[in-house]
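Here's the structure, in structure tokens; my notes come after.
The values are calculated or read from the model by the stated rules, or taken from the named source; none is laboratory data. In this text the structure is predicted, and so the values were computed from the model without any measurement. So basically every Cβ, Gly included, is an ideal-geometry build from the backbone, and we count neighbours across all protein chains shown.
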Amino acid sequence: MARANKETTSKKTAKKTVKAKKAVEKKPAVKAVEKIEKPIKAVKPAKVEEVKTKTPKVSKRVKAQPKGDTGSVDFQINNFSDKIKSLAKHLKTHTHDFDSRRGLLIMVGKRRRLLNYLKKSDTVKYEAAVKTLKLKA
């Protein structure tokens, strides 16, 4: 009986494979679908203008510093002062730009802290910085 079961199972699997092959043969080949291209809309040529990149203006005070001296307190105070002036000018025209206003306040605070540090460490440099930047009346 065991032999009969083996023969029937092998016949069943053979029938299944034959059916699968016939099913594959019966399926029609898929035809390539032609794509209908839409007409391209006429686009007006954009006005070609030179793109002006906004480069920050470097003041004379910053240029006067030695080239590799970007970490000194004097340089940072001068740099912050220039940025603060440009942001203040921007905010006069764009009164509702609150993100820039926040950045301005942060920069003013950083400059204030640097000035306090300079005042504690070297009062002569502090007085010179305040005088050149015209910060206090």
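General remarks:
- Among residues of region 84-137, those that are among the aromatic types (F, W, Y) and free of Cβ contacts under 8 Å to residues at least 24 places away in the same chain, counted: 2
For (1) surrounded by fewer than 10 Cβ atoms within 10 Å (Cβ to Cβ); (2) modelled with pLDDT under 95; (3) within 25 Å of the chain's Cα centre (by Cα), each residue gets a yes or a no:
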{"position": "A32", "(1), (2), (3)": "yes, yes, no"}
{"position": "K35", "(1), (2), (3)": "yes, yes, no"}
{"position": "A42", "(1), (2), (3)": "yes, yes, no"}
{"position": "K60", "(1), (2), (3)": "yes, yes, no"}
{"position": "N78", "(1), (2), (3)": "no, yes, no"}
{"position": "K120", "(1), (2), (3)": "yes, no, no"}
{"position": "L135", "(1), (2), (3)": "no, yes, no"}
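- Search result, residues across region 80-100 that are more than 24 Å from the chain's Cα centre (by Cα) and surrounded by fewer than 11 Cβ atoms within 10 Å (Cβ to Cβ): K89, K92, T93, T95
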